[in-house]
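Peer 1: Input: one structure, supplied below.
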Amino acid sequence: MNLWITFWAWVIAGSMTAFAILAVVVAIGGWGDLKVMFSRSDGRLSGRQEPPEDESSS
Amino acid sequence: MDFLTNFTTFDWIIVAVYLLGTVVVGIYANRFVSDMTDYIVAGRSLKSFASIATMLGSEIGLVTVMYTSQKGFTGGFAALHIGVVAGLACLLVGLTGFIVVPLRKTGVMTIPEYYSLRFGPGVRILGGVLLSVAGVLNMGVFLKAGAIFVTSITGLNDPAAINIVMAVLISLVVFYTVLGGMVSVVITDYIQFVVLSFGMLACCWFAYQAVSWEALVTAVKEIHGEGGFNPFNEDGYGLSYIMWMIFVFGIVSCAVWPTAVMRVCAAENTKVVKRLYTWSSIGFLTRFIIPMFLGISALAYFSMSEHGRDYFFTGEGEVVADTNITMQALPTFLGEILPAGVIGLITAGMLAAFMSTHDSYLLCWASVFVEDVINPIAGGELPDRTRLLLARIMIVLIGAFLYVWSTWYPMGQDMMDYLAVSAAIYFIGAFTLLVGGLYWKQASTVGAYLALATGLLAVFGLPPVQEAVGLTSKNLGFELTEAHVGLGATALAVVLMVAGSLYFPGSRADRTQGA
């Protein structure tokens, strides 16, 4: 049982550390992406890809 | 049972300001919706970090937090094996490209579209129907989970409060999704991701302050014994349950579930697909581990207090069987340990998570029904405007169904197990069709129909259905678990796919020389 307790302690600590790093990186990067996406003043999304002509029948 | 909560008027103001803010965002986002492409995939304009935030925002929601923390509460440390297998399976999919790489190479945008390409339009329509039915049933208990969270953390003890909160929540979400589509999903997902990810880490800190590691270990030892630590122990989960979890929350949730496959189909190339999965394995691991840790903390916390023991445990010291009660453990725990102000922020973050999950799923199932069922039946000729209107009508209808289902359905099992079984109606067939179609040239249309239909057998994993048809342990002489039903139905689907293909060969791929 002690082996399992040690194993789960490492899993929990490792997960929290990894999640904290991921959260900081994605929060900063995502904010930049959203700023670009909504930067146009004509009501269109920046970087928008037009659908191919035959998309509705695919 | 009345529990103390630190939720104050100030916290209500934080929540109200947040909800008002989301409505404003929805109205703002509507400016950017000009056609079906904007509505469903935000004009395919998502960049990498915004994509990751959206994916994690959808995957780490209030519902995920509620059902995984419930699993930690009822299973102890052993429940963490689900997070480990989910992370490992996602990593393996990323390294090997199993299912996702050959699927991306076909160039399809959705799984039902792949069915059409490989097995014909009839299989696409049947697959689309099963997918939307399974998806809506799967969502059926989300609303209740959200309402239990709000009423428990705020201390709303009136029995009618849950129904009122459910009505308010579903009205808000439907209004919001109908208005803005995927554009508003992207914005709420981002806000939710930021508030909830930091909020969750803060919760872990406060939980650790309230319950020490030694107290956690002692409580799990006393309540769950060896089965609370060792997932292979038959007093806990056992081998068949672990295999079911490897299949459902490992392979299926990252390689077959539509919200994950959407990212595969939208990726630039197969290299990006493999990289996305390799890195996302961290998210798939932590979205289970952190809420489960909080659930285990709630278990230890309430086992140490008299009022907690009376409410959450039986006279013999075991966790009560009522799933509506065990689902209250995390929010009640947070209501007691978080200080005023922080609790308002966490509640606002969780509501953001709730809306984020709901709008993604409402949009997904409504789109599947319109794009993969109604439009193909109409010959694929419906104009963009009509499809957009139909998708919005579907969202309102699904919202109404969710309210009725949440108030009526008696769950009778952990929410995580209900979700696995309801999703299995779709994914048992989908997994078989994808593996058969992508890796076996002889897979035929008849085999595909048989495998898809077999997925319906998954409903026998739901306790109310087992009761209704007499599949009880008293009649059978053993307990028929959701794991037995799910694994058995999957094996049968594979057998029928092989037999159907061998006896009735021929598929669309043969005729078009595709696949």
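Peer 1: Work through the residues other than B:Tyr409 whose Cβ is under 15 Å from its Cβ and net out their charges, Lys, Arg +1 and Asp, Glu -1.
Peer 2: -3
Peer 1: I want the local charge near B:Ile82. Using Cβ-Cβ distances under 15 Å, sum +1 for each Lys or Arg and -1 for each Asp or Glu among the other residues.
Peer 2: Summing Lys/Arg as +1 and Asp/Glu as -1 gives -2.
Peer 1: First select every other residue whose beta carbon is under 9 angstrom from the beta carbon of B:Gly227; then total the charges, Lys and Arg +1, Asp and Glu -1.
Peer 2: Taking every Cβ under 9 Å from that of B:Gly227, the sum is -3.
Peer 1: In Å, what is the Rg of the alpha-carbon atoms in the protein assembly as shown, and how long is Dmax?
Peer 2: Expressed in Å, the Cα Rg and Dmax of the protein assembly as shown come to 23.0, 70.
Peer 1: Right, another one. Under the 0.36 nm per residue contour assumption, what length would be gained going from the current alpha-carbon distance of B:Ile164 and B:Val133 to full extension?
Peer 2: Extra length available between B:Ile164 and B:Val133 comes to 8.6 nm.
Peer 1: A follow-up question, please. Provide a whole-number value for the mean count of partner chain Cβ atoms within 10 Å of the Cβ atoms in peptide B:284-297.
Peer 2: Across B:284-297, the average partner-chain Cβ count within 10 Å equals 3.
Peer 1: Using the alpha carbons of chain B, what is the convex hull volume per residue in cubic angstrom, as a whole number?
Peer 2: For chain B, the hull spanned by Cα atoms encloses 138 Å³ per residue.
Peer 1: Taking Cα centroids, how far is region B:143-222 from region B:427-506 in Å?
Peer 2: Computed from Cα coordinates, the inter-centre distance equals 34 Å.
Peer 1: Number of Lys pairs in the protein assembly as shown with C-alpha atoms less than 25 angstrom apart, excluding same-chain neighbours closer than eight positions?
Peer 2: 11
Peer 1: Per residue of A:20-28, count partner chain C-beta atoms within 10 Å of its C-beta, then hand back the mean as an integer.
Peer 2: Mean shielding count: 6.
Peer 1: What does the structure give for A:5-18 when I average, per residue, the other chain Cβ atoms found within 10 Å of the residue Cβ?
Peer 2: Mean partner shielding for this stretch: 6.
Peer 1: With each run of n ≥ 4 DSSP H residues scored as -39500 (n - 2.57), what mean residue ellipticity at 222 nm is computed for chain B after dividing by its residue count and rounding to the nearest 500 deg cm²/dmol?
Peer 2: -24000 deg cm²/dmol
Peer 1: Against the longest alpha carbon principal axis of chain B, how many degrees, from 0 to 90 and to the nearest 10, is the axis of helix B:342-368 turned?
Peer 2: 20 degrees
Peer 1: What is the angle, in °, between the Cα long axis of helix B:121-139 and the longest principal axis of the Cα atoms in chain B? Nearest 10 is fine, range 0 to 90.
Peer 2: Relative to chain B, helix B:121-139 is tipped by roughly 0 degrees.
Peer 1: Separate question: Output the 0 to 90 degree angle, nearest 10, between the alpha-carbon long axis of helix B:161-210 and the longest principal axis computed from the alpha carbons of chain B.
Peer 2: Around 50 degrees separate the two axes.
FYI, it's all coordinate maths here, none of it is from the lab. Just so we're clear, the structure is a prediction, and the values are computed from it rather than from any experiment. Cβ sites come from the backbone with ideal geometry, for glycine too, and all protein chains shown count toward neighbours.
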